[in-house]
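Here is the structure we will look at, set down as structure tokens.
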Amino acid sequence: MIRHVVIVLQENRSFDSYFGTYPGADGFPTVGGQPGTCVPDPLTSKCVRPYADHSDVNQGGPHNLVNARADIDGGKMDGFQAQAEKGNLSCTPAAPACTNALAPDVMGYHTASDIPNYWTYARDFVLQDHMFEPNASWSLPAHLFEVSQWSARCSQHNDPSSCTNAPQSPGLPPDQSGSDGTNPIYAWTDITYLLHKRGISWGYYVVEGAEPDCENDAAMTCAPVHQGSKTPGIFNPLPYFDTVKNDGQLGNIQSVNRFYLAAKAGLLPAVSWVAPSAEVSEHPPSPISFGQSYVTSLINAVMTGPDWSSTAIFLAWDDWGGFYDHVMPPAVDENGFGLRVPGIVISPYARRGFVDHQVLSFDAYDKFIEDDFLDGQRLDPATDGRPDPRLDVRENASVLGNLVRDFDFNQAPLHSVILPVHPTTTLTGTPHTSASLDPAVAASERDPFG
């Protein structure tokens, strides 16, 4: 029934920061209709409650492994304000993400009127309120987990046994702080290896522009680093995988413009991943509105194309970005899970208006792909022919839910929901956009059918 899976991964938002007030979801605990939690503020010796923040541009907080542990604080979930204030100490005075260095916005949340398209997708399809980042760390490990269920550092090409667990500092691209300037070695097995062996098509689509995250994952600001489909990096890690190069699959990594064309022509591959640029990523200080417009353009492209009737779109955000969330992540292994992020399922067979309370992570995406296309084959070093010393088979974790529960294949297929790319919102302070940055035209590349 599902012949096309599309995974759209945005940047740096916690579940509570986008859906903490969503009816029926595990949102903010309330007292008298108001958020009842209060996080300590070391600067004032008081505490800060979650509050509605309609700013289109946020600053967020630092978000590496150390910050995650401090935010979680053994389950108290009370470190967010302190970590943001500490992170702001390293800001340059004019940096756009640090204009309120002494007034962090990590306790702020956005309302339905701020992000109406995202709330419409949640209401019309499926909202997942226990989707967790697979690792308690930053963007590069999250994107490695997205395609391989592991983040590692390797010493030898084509030798998976040379890889060691590295949830914070895997092999770093040359443009990363701490890199030795050479290309990293990703010798362990990723899911494209299994797809290629079965003749299952895939595509990884990259938006041309600046990388959404900083070279230093704990930094609040940084100079832009260029990315594109031909420039491997944090958000485009597959070109560094030995499997992708050995299988002759580098051509599957393409500009996002090719995704729009494939959607229009009914030529989507079986599995698609779509990675944003900084401008449309929602990673602070990039505007939320730009990201929402870009994501809407992707979803509209699928919904108006011939493949909509057999497609499942999984939309999530790669990590929490320092923003507050009240739910303690479950422990799976020493790598995670990380903090909770929004998750949405969009498909003609999605259970309309369903809030999925299962414990999930990006591991569930690979599990769904493996069950749908690979007869349940796993990224398992004991069976995939490329043994590596990863800690476990994440897709088989007992706590992990199954995305099949988000579908009803007996229902009449849901109609497409074509939304305005530029919806009316209550967001304030939206920067002026030029045609070259207009996400409706297409994230730095013109949408061929728009």
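The values are calculated or read from the model by the stated rules, or taken from the named source; none is laboratory data. Quick caveat: nothing in here was measured; it's all calculated off a predicted structure. With ideal geometry, Cβ positions are generated from the backbone for all residues, glycine too; neighbour counts draw on all protein chains shown. Side chains are part of the model used for accessible areas, which takes the heavy atoms of the whole protein and leaves out ligands, DNA and RNA. Shrake-Rupley method; radii C 1.70, N 1.55, O 1.52, S 1.80 Å.
Results for (1) in a loop (DSSP other than H, G, I, E, B); (2) open to solvent by 20 Å² or more (accessible area, probe 1.4 Å); (3) modelled with pLDDT under 95, shown as yes or no for each residue.
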| position | (1), (2), (3) |
| --- | --- |
| Thr243 | no, no, no |
| Gly251 | no, yes, no |
| Asn257 | no, yes, yes |
| Ala262 | no, no, no |
| Leu268 | yes, no, no |
| Trp273 | no, no, no |
| His283 | yes, no, yes |
| Ser289 | no, yes, no |
| Gln292 | no, no, no |
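Can you pull out the residues in the stretch 1-32 that are in contact with a Ser or Thr (Cβ under 9 Å, 6 or more places away or on another chain), assigned to a loop (DSSP other than H, G, I, E, B) and not aromatic (Phe, Trp, Tyr)?
Met1, Ile2, Arg3, Glu11, Asn12, Gly20, Thr21, Gly27, Pro29 - these are the residues of the stretch 1-32 that are in contact with a Ser or Thr (Cβ under 9 Å, 6 or more places away or on another chain), assigned to a loop (DSSP other than H, G, I, E, B) and not aromatic (Phe, Trp, Tyr).
Restricting the search to the stretch 302-326, which residues are out of contact with any strand residue (DSSP E or B) (no Cβ under 8 Å at 6 or more places or on another chain), over 13 Å from Phe15 (Cβ atoms) and surrounded by fewer than 24 Cβ atoms within 10 Å (Cβ to Cβ)?
Met303, Thr304, Gly305, Pro306, Trp308, Ser309
Within the stretch 372-425, which residues are in a loop (DSSP other than H, G, I, E, B), under 24 Å from Pro167 (Cα atoms) and open to solvent by less than 40 Å² (accessible area, probe 1.4 Å)?
Arg378, Leu379, Asp380, Pro381, Asp384, Arg386, Asp388, Arg390, Val393, Ala397, Leu400, Gly401
Has the stretch 327-334 got at least one residue that is on the phi > 0 side of the Ramachandran plot, open to solvent by 10 Å² or more (accessible area, probe 1.4 Å) and either in a loop (DSSP other than H, G, I, E, B) or out of contact with any strand residue (DSSP E or B) (no Cβ under 7 Å at 6 or more places or on another chain) (or both)?
no
Residues in the stretch 340-362 that are over 21 Å from Gly24 (Cβ atoms) and aliphatic (A, V, I, L, M): how many?
The number of residues fulfilling the criteria is 0.
Could you please find all residues in the stretch 229-241 being open to solvent by less than 40 Å² (accessible area, probe 1.4 Å) and either without any contact (Cβ under 8 Å) to a residue 12 or more places away in the chain or among the polar types (S, T, N, Q) (or both)?
Ser229, Asn236
Name the residue that is farthest from Leu419 (Cα to Cα), counting only residues in the stretch 120-132 that are open to solvent by 10 Å² or more (accessible area, probe 1.4 Å) and in contact with a strand residue (DSSP E or B) (Cβ under 9 Å, 6 or more places away or on another chain).
Within the stretch 120-132, the match that is farthest from Leu419 (Cα to Cα) is His130.
If you check Pro167, Pro160, which single one turns out to be under 18 Å from the mean Cα position of the chain (by Cα) and open to solvent by 10 Å² or more (accessible area, probe 1.4 Å)?
From the options Pro167, Pro160, the qualifying one is Pro167.
Filter the stretch 7-62 for residues that are open to solvent by 50 Å² or more (accessible area, probe 1.4 Å), over 23 Å from the mean Cα position of the chain (by Cα) and β-branched (Val, Ile, Thr) and give the result.
Thr30, Val31, Thr44
Test Ala210 against the stated conditions and say whether it is of a type in the set (A, V, I, L, M) and at pLDDT 95 or above.
Judged against the criteria, Ala210 is not a match.
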